[in-house]
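Presented below is the structure to which this report refers.
The values are calculated or read from the model by the stated rules, or taken from the named source; none is laboratory data. Keep in mind the model is a prediction, meaning the values are calculated, not measured. Here Cβ is always computed from backbone atoms with ideal geometry, including for glycine, and neighbour counts include all displayed protein chains.
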Amino acid sequence: MKEGTPPMDGSESGGAIVLERVTKRFGDVTAVNDVEITIESGEFFSLLGPSGCGKTTTLRLIAGFEMPDRGRVLLQGKDVTHLTPQKRNVNMVFQAYGLFPHMTVADNIAFGPKIKKVPNDEIARRVAEILRTVQLEGMEDRRPAQLSGGQQQRVALARSLVNGPAALLLDEPLGALDLKLRKEMQLELKDLQSRTGTTFVYVTHDQEEAMTMSDRIAVMNQGVVEQMATPRELYRRPASAFVAGFIGTSNLITLRVDGREDGLVRMDLGEGERILAPDPEDGAATALITVRPEWIKLALGEVGPRASHVGGTVVDVVYLGSVTQLIVMLRTGERLTVHRLNDEVDGVDPRPGDRVVLHWAAENSFVIGTGLEEPQPGAPADPKPVAKDT
Amino acid sequence: MAAVATPVRRTRRTGRGIFGIMFAPVTLLIVLFLAPMLIMVQMSVVRFPPNVASGYVLEHYRTVLTDPINLKIWWTTLYIGSTAMAIMLAIAMPLAYYMVFKAGKWELFILLALVLADELAPVVKIYAWQSILGREGILNWLIPGSPIAWLLFSRFAVIVTLASTYITYTTIPIYAAMKAIDFSMIEAAVDLGAGWWTQARKILIPLAAPGIFIAMILVYIPMLTDFVTADIVGGTGSYMMGQRVRDLILSGGDWGSGAALNFVMLVVSVVASVFAYWLARLNKIDR
């Protein structure tokens, strides 16, 4: 925050928040399984995954609303595993906001500082300052019910930030807002985070939202962290089939290794058609690869030697605005999703039933894993090529 | 073919229906509720002994309002009622909280137990307390040493028995009010550093206030007029207003004073109810 409440520096302890091999069970269900996360000070960190993946439980473990069955939680290098939420220097923004309906905006925000026995004039100063920060000046005497959804959201943020927490924990805070407001609030949140320098831990199931705002993202599935990386890294180099499918649209192909040369592996489909990928160099007989739809091009002329080259029939054409999505069925029966930018003036306008030739550079086949049947142990990989929209 | 005519007829019927539906309950209300009350009011102003030629006076009201005995009984009644109320609130608040936020699958079970406990005939419950609190009762049998005399036939016994009789009516309105509280408000308070007392004082009690006021209306009024409990487990120090009215009418034959006293209590109850209702309205929050 500002001068009065500087962000705590947790760098010397190896991260503002550290989860050490944390496991949490509810009855027979393991909600969080052996999770290891380090969140740096000042970072915008997102926990991303489908509902029931354990992301909210992970957040609540950090806040102190849940106690882990195994493992440790460290805040700024201090072991807080067994501390109650009241004793942890983090604050949470709830999905339903949890604003106190019988109090004014100012009283809502002053709730935390009052408990911490901050002097009254100091509280008034901080409340005024934080109201300015979240652009709610003049609203201090309103009740939450008199505010719009976006304004309520900002009150919830202000109520947490006014305490100068080491980290702000946000549990799908934009879920209740409509799409347009959500987009605005995403940018506002990111802006607020960089202005205050506070560590944000953000839970969402919306991959686009996570990509827009985060410095780093932990993709969770069935209680485990599948991958923890920057948005760019997650998109370009997904560590598992799940991540590839969850982040953006992706084609997953199980590659049967028919040959190896020049640092590439090759699957022959007959009649000169082939799929190429960088050689993982472990001698495995199959490789699971992912190809992003926008990297696949329609071949108009000769296809270079270091490019995959397959023919197929267009089965579906969907106009998506900036791109057109084609679903192309290969001779093997597998389907590939292809995105074409709508600014291309090549005169080619494929229709369902048309024969097309596709190609993409071998380097754009990203190898997720290798092996025989189950390429990535632990990942619920669908070995068939799938195009999944999220 | 006939479908065209039907809607018209149906509209007409609905118009008449409102009065048809309301006729029976309104009549019942007048015959069974208002009429006895009017008779009571009339009784309270008829000169004693009551007969056709006795005429009307306000004498009885002057007597019941100035008699120092009545004033003393009024304080005893308020003391017993308020202590019982305080005990019930102290039990009902945490119980309702537990039921709403912590009990999970036991919530319904506790609710059912509360309702069943109320279904038990009050007299049976009162006699049960007699056997618990008595000189040879369960409590004195459990506590070593010479038997404690003040457990039964005392204010203490009346308070305990009243509290156990009306606990259902105290808990359920508070439970209903708490049911409307989003648990994330409690968690937000915890997250901001509130201990249990701050949570109760700043969040739970203000938000459950409408339920608390309703509980107080529901319980205070019957408690203030109760005479069976004090009769069976009470002693000389627990003579209550309900007993006073009963004794004035049945033992003393003083229908005028009994009715006047009863009417004064009715007015006090109505004023208190309106006040509580106003407080509840004041605390009603747009969510």
Report summary line: Flagged in the stretch A:137-151 as surrounded by fewer than 21 Cβ atoms within 10 Å (Cβ to Cβ) and within 31 Å of the chain's Cα centre (by Cα), in numbering order, are A:Leu147, A:Ser148, A:Gly149, A:Gly150, A:Gln151
**Report entry** Looking only at the stretch B:194-224, and only at residues there that are within 7 Å of chain A (Cβ to nearest Cβ) and crowded, with 21+ Cβ neighbours inside 10 Å, the one that is farthest from the chain's Cα centre (by Cα)
**Finding:** B:Ala194
Requested in this report: Give the number of residues within the stretch A:226-246 that are of a type in the set (Val, Ile, Thr) and crowded, with 24+ Cβ neighbours inside 10 Å.
Outcome: 1
**Report entry** Lone unmet requirement of (1) over 27 Å from the mean Cα position of the chain (by Cα); (2) within 29 Å of A:Ser148 (Cα to Cα); (3) surrounded by fewer than 18 Cβ atoms within 10 Å (Cβ to Cβ) for A:Met103
**Finding:** (3)
Query raised in the report: Does B:Leu207 qualify as being in contact with a Pro (Cβ under 7 Å, 6 or more places away or on another chain) and assigned to a helix (DSSP H, G or I)?
Result: no
Query raised in the report: Somewhere in the stretch A:202-216, is a residue closer than 28 Å to A:Ala106 by Cα, under 15 Å from the mean Cα position of the chain (by Cα) and either surrounded by 22 or more Cβ atoms within 10 Å (Cβ to Cβ) or among the aromatic types (Phe, Trp, Tyr) (or both)?
Result: yes
Requested in this report: Those residues that are in contact with a Phe, Trp or Tyr (Cβ under 7 Å, 6 or more places away or on another chain) and either within 10 Å of chain A (Cβ to nearest Cβ) or without any contact (Cβ under 8 Å) to a residue 24 or more places away in the chain (or both), I need them from the stretch B:161-185; list them, please.
Outcome: B:Phe183, B:Ser184, B:Met185
Requested in this report: Could you check B:Arg47 against (1) of a type outside the set (A, V, I, L, M); (2) modelled with pLDDT of 85 or more; (3) in contact with a Ser or Thr (Cβ under 7 Å, 6 or more places away or on another chain) and say which number it fails?
Outcome: (2)
Report summary line: Taking first residues from the stretch A:78-95 that are without any contact (Cβ under 8 Å) to a residue 24 or more places away in the chain and second residues anywhere that are β-branched (Val, Ile, Thr) and in a loop (DSSP other than H, G, I, E, B), the pairs with Cβ under 9 Å that are 6 or more apart or on different chains are A:Lys87/A:Val80
Query raised in the report: Hey, which of the strands (runs of 3 or more DSSP E) in the stretch A:140-243, taking only ones fully inside, have at least 3 residues that are touching a His at 6+ places or on another chain (Cβ under 6 Å) and either in contact (Cβ under 8 Å) with a residue 40 or more places away in the chain or under 16 Å from A:Ala96 (Cβ atoms) (or both)?
Result: none
Requested in this report: State yes or no: is B:Ala188 under 29 Å from the mean Cα position of the chain (by Cα) and within 14 Å of chain A (Cβ to nearest Cβ)?
Outcome: no
Query raised in the report: What about A:Asp107, is it closer than 26 Å to B:Pro210 by Cβ and more than 12 Å from chain B (Cβ to nearest Cβ)?
Result: no
Report summary line: Of the candidates A:Gly98, A:Gly77, A:Gly112, the one satisfying the condition of being facing another protein chain (nearest Cβ under 9 Å) and farther than 30 Å from A:Asp28 by Cα is A:Gly112
Requested in this report: Return the total of residues in the stretch B:228-287 being loosely packed, with under 15 Cβ neighbours inside 10 Å and assigned to a loop (DSSP other than H, G, I, E, B).
Outcome: 5
Query raised in the report: Do the conditions hold for B:Lys72, that is, is it without any contact (Cβ under 8 Å) to a residue 60 or more places away in the chain, in the same structural domain as B:Ser257 (by TED's automatic domain parsing) and closer than 30 Å to B:Tyr239 by Cβ?
Result: yes
Report task. Please work out which one of (1) in contact with an Asp or Glu (Cβ under 8 Å, 6 or more places away or on another chain); (2) in a helix (DSSP H, G or I) is the condition B:Phe48 fails and give its number. Result -> (2)
